[in-house]
Amino acid sequence: MTTGDDDRKTKLRKAYGQATTALREAHKTEFNDLYSKHAADLGVEWSPRPDAEQKAEQEFDQLLADFPHLRERLTQAQ
């Protein structure tokens with residue numbers, strides 16, 4: 001195998017990885033649903049990590065659960 005072949009294979013692996021990542025991102029919900037289903041079929045529970053907004057929502061809900069009096073400030077702000 002020549003250096004040119006190695007370089008080509010390296011570039012194709014990189015292109016494949018980029019294409020796979022872009023495809024997963026473009027169809028994130030569908031991919032996550034399929035991943036979860038296939039994991040369950042194998043007897044493993046899987047769910048995607050929460051994104052930044054989902055994390056913030058969980059923290060927000062927890063703050064309101066811990067400090068229910070803060071809910072009043074929300075209604076006043078609206």
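Do we have G4 as in a helix (DSSP H, G or I) and surrounded by fewer than 10 Cβ atoms within 10 Å (Cβ to Cβ) here?
Values: in a helix (DSSP H, G or I): yes; surrounded by fewer than 10 Cβ atoms within 10 Å (Cβ to Cβ): yes.
In short, yes.
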| Residue match in the range 11-18 (condition: touching a Phe, Trp or Tyr at 6+ places or on another chain (Cβ under 6 Å), modelled with pLDDT of 95 or more and assigned to a helix (DSSP H, G or I)) | no
| task | Give me the pairs, please: first residue somewhere in the range 50-73 and touching a residue at least 60 places away in the same chain (Cβ under 8 Å) and charged (D, E, K, R), second residue anywhere and surrounded by 11 or more Cβ atoms within 10 Å (Cβ to Cβ) and not in a helix (DSSP H, G or I), beta-carbon distance under 7 Å, and either six or more positions apart or on two chains. | result | none
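The values are calculated or read from the model by the stated rules, or taken from the named source; none is laboratory data. Values in this document were obtained by computation on a predicted structure and should not be read as measured data. Neighbour counts are summed over all protein chains in view; Cβ atoms, including those assigned to glycine, are modelled from backbone coordinates with ideal geometry.
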